[in-house]
Amino acid sequence: MSAGELYEESLPFPLITVVTAVIFLIALLMLVLFVIQLVAGPIGNNPAPDWFYLVMFLLMAATTFLIANFRVLVIRITDQSVTASYGLIKRTITWGDIEFGFRDESSTFGYGGWGARIARIEGRWRLAFNVIGAPGVVLRLRRGRVREFMFSTKNPEQVLDIIAQHTG
């Protein structure tokens, strides 16, 4: 950990890794079929047009990139803020914006599944960054339309202790 960093952890999301690998292989297959059809001629008796293979390759490659963002949830707590990120999707909350923290008792299905989600829990909008099999911590926020932020962590008690120290 660097100076000012109080806590950091990475939570892998194995199911996403498998899905990403499968979609990537489909993308490669579409690219190979595109090249074969360009070089060797039409594939089969009723061939798809060349552009179909190219469009499918581009679509699958873009999907691979987007889904790969959710392979690892990174939690970083510094003396300035709490940050949870799924690749390019990141939420940083400064200590001044946090009222308090508590252990999440909601079901994952209340959020609609795993990943980055938004749901109405007990009358409040809650943004959730969660993974399979890890408990969660909820931060109650002082302002904003979404007044709660939940993230998964392997060490909820340690995280809650740090939050309590910084929020009083």
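The values are calculated or read from the model by the stated rules, or taken from the named source; none is laboratory data. These numbers were taken from a predicted model, which means no experiment stands behind them. Here Cβ is always computed from backbone atoms with ideal geometry, including for glycine, and neighbour counts include all displayed protein chains.
Only one entry in ALA128, ALA134 is within 21 Å of PHE70 (Cβ to Cβ), outside any strand (DSSP E or B), touching a strand residue (DSSP E or B) at 6+ places or on another chain (Cβ under 7 Å) and of a type outside the set (Lys, Arg), namely ALA134. Is it the case, given these coordinates, that VAL32 is β-branched (Val, Ile, Thr), assigned to a helix (DSSP H, G or I), over 24 Å from TRP114 (Cα atoms) and outside the structural domain of LYS90 (by TED's automatic domain parsing)? Against the criterion (β-branched (Val, Ile, Thr), assigned to a helix (DSSP H, G or I), over 24 Å from TRP114 (Cα atoms) and outside the structural domain of LYS90 (by TED's automatic domain parsing)), VAL32 qualifies.
Give me a count of the residues in segment 137-168 that are in a helix (DSSP H, G or I) and in contact with a Ser or Thr (Cβ under 7 Å, 6 or more places away or on another chain). Number satisfying all stated conditions: 1. Does at least one position in segment 71-81 carry a residue that is in contact (Cβ under 8 Å) with a residue 24 or more places away in the chain and more than 27 Å from THR153 (Cβ to Cβ)? No, segment 71-81 contains no residue that is in contact (Cβ under 8 Å) with a residue 24 or more places away in the chain and more than 27 Å from THR153 (Cβ to Cβ).
MET30: in contact with a Phe, Trp or Tyr (Cβ under 8 Å, 6 or more places away or on another chain) and surrounded by 16 or more Cβ atoms within 10 Å (Cβ to Cβ), yes or no? Before you say what the answer is, go through the steps one by one.
Values: in contact with a Phe, Trp or Tyr (Cβ under 8 Å, 6 or more places away or on another chain): yes; surrounded by 16 or more Cβ atoms within 10 Å (Cβ to Cβ): yes.
So MET30 passes the test.
Scanning segment 101-125 for residues that are surrounded by 14 or more Cβ atoms within 10 Å (Cβ to Cβ), assigned to a loop (DSSP other than H, G, I, E, B) and of a type in the set (Ser, Thr, Tyr) turns up just one, SER106.
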